[in-house]
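Here's the structure we're looking at; comments come further down.
The values are calculated or read from the model by the stated rules, or taken from the named source; none is laboratory data. Treat the numbers as computed from the prediction; the structure is a model and nothing was measured. Cβ placement follows ideal geometry from the backbone for every residue including glycine, while neighbour counts extend to all protein chains displayed.
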């Protein structure tokens, strides 16, 4: 299910990779001793939370597990954790590799994943050749993994998402496609589902200049007719009632609709909601003048959103009169600018 952009889409890949997707890295899967009911990362002195302890690999893995479980309660703790946790995990991983005599031991494998996570966390701030090297290292890790879990998914998805957000579109497309195909072929349904979405993300990033394929049902139960929009400039808006940024953008979209609808502008809303009643109440209250698509029984995973790898909303795509995509980010003032470019000034006769 896509997430609200304000809550999900990377202000920090570091916390995303280390603390969200993996939910406890390999420590949670292969090192059961790491969880003994206590919080090993919460010693009496707060200043000690990020100090790597002495001891064997198991003691250090307990420390790592505690860092992963820790959730800041204040803004001060959040920013401290954002700054110190990745450095502490990197130091812990390096210490484990020094201690382990067997490079293929579970602890050593966990340590290498931690170090690769650290590289992924910094992928947006390194040169293009280094970014490519990180992607290649992830591919090698996936290929050699004896058991593919959410840890590997976190690495792959975190890297591809960060590349998309920091502007390396070509490498992001390559990463989404290759990693996505890998996970789509896994036997674990959740991994396979994310894999299909990652392949979709590569498809979405390559949409400019190409036609979109949109089919499905409207919220009133009727069939959506995408062909009837040919000859219009259309904003395809992936959104949900629970997404704050989506709802805050609606007045801007309605304003542009009123200015340009008679000149050939239309909107298609693709709701990611899972609660039909909530969506219907929202549409009735807001009286949105355009059509909204919705699918029952997909738990928020709309087929069109899956096809185009929409895993964060709002995602808005602008299509020209010929049905070809001209923008993947037509929000705010950019929407008005593009509409004037396509349809002329709003006050023109």
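A few remarks follow.
- A single entry from 142, 163, 97 fulfils the requirement of being part of a helix (DSSP H, G or I), more than 25 Å from residue 52 (Cβ to Cβ) and over 18 Å from the mean Cα position of the chain (by Cα): 142.
- Residue check, residue 72 free of Cβ contacts under 8 Å to residues at least 60 places away in the same chain, surrounded by fewer than 18 Cβ atoms within 10 Å (Cβ to Cβ), within 24 Å of the chain's Cα centre (by Cα) and part of a loop (DSSP other than H, G, I, E, B): yes
- Checking each residue of the range 302-309 against the condition of being in contact with a helix residue (DSSP H, G or I) (Cβ under 7 Å, 6 or more places away or on another chain), part of a strand (DSSP E or B), touching a residue at least 12 places away in the same chain (Cβ under 8 Å) and buried (at least 22 other Cβ atoms within 10 Å of the Cβ) gives no match.
- Residue check for residue 296: under 16 Å from residue 241 (Cβ atoms), out of contact with any strand residue (DSSP E or B) (no Cβ under 6 Å at 6 or more places or on another chain) and buried (at least 17 other Cβ atoms within 10 Å of the Cβ): no
- Residue in the range 237-248 that is in the same structural domain as residue 334 (by TED's automatic domain parsing), out of contact with any strand residue (DSSP E or B) (no Cβ under 7 Å at 6 or more places or on another chain), closer than 20 Å to residue 331 by Cβ and part of a helix (DSSP H, G or I) present: yes
- The range 136-173: number of residues that are crowded, with 18+ Cβ neighbours inside 10 Å and either in the same structural domain as residue 328 (by TED's automatic domain parsing) or closer than 21 Å to residue 204 by Cα (or both): 16
- Residue list for the range 258-271, restricted to those being touching a strand residue (DSSP E or B) at 6+ places or on another chain (Cβ under 6 Å) and either part of a helix (DSSP H, G or I) or closer than 20 Å to residue 313 by Cα (or both): 266, 267, 268, 269, 270, 271
- Count - residues of the range 305-344 that are over 20 Å from residue 270 (Cβ atoms) and either at pLDDT below 95 or out of contact with any strand residue (DSSP E or B) (no Cβ under 7 Å at 6 or more places or on another chain) (or both): 7
- Residue 347 being closer than 20 Å to residue 264 by Cα, at pLDDT below 95 and in a loop (DSSP other than H, G, I, E, B): yes
- Failed criterion for residue 170 (all others in (1) in contact with a helix residue (DSSP H, G or I) (Cβ under 7 Å, 6 or more places away or on another chain); (2) modelled with pLDDT of 90 or more; (3) part of a helix (DSSP H, G or I) hold): (1)
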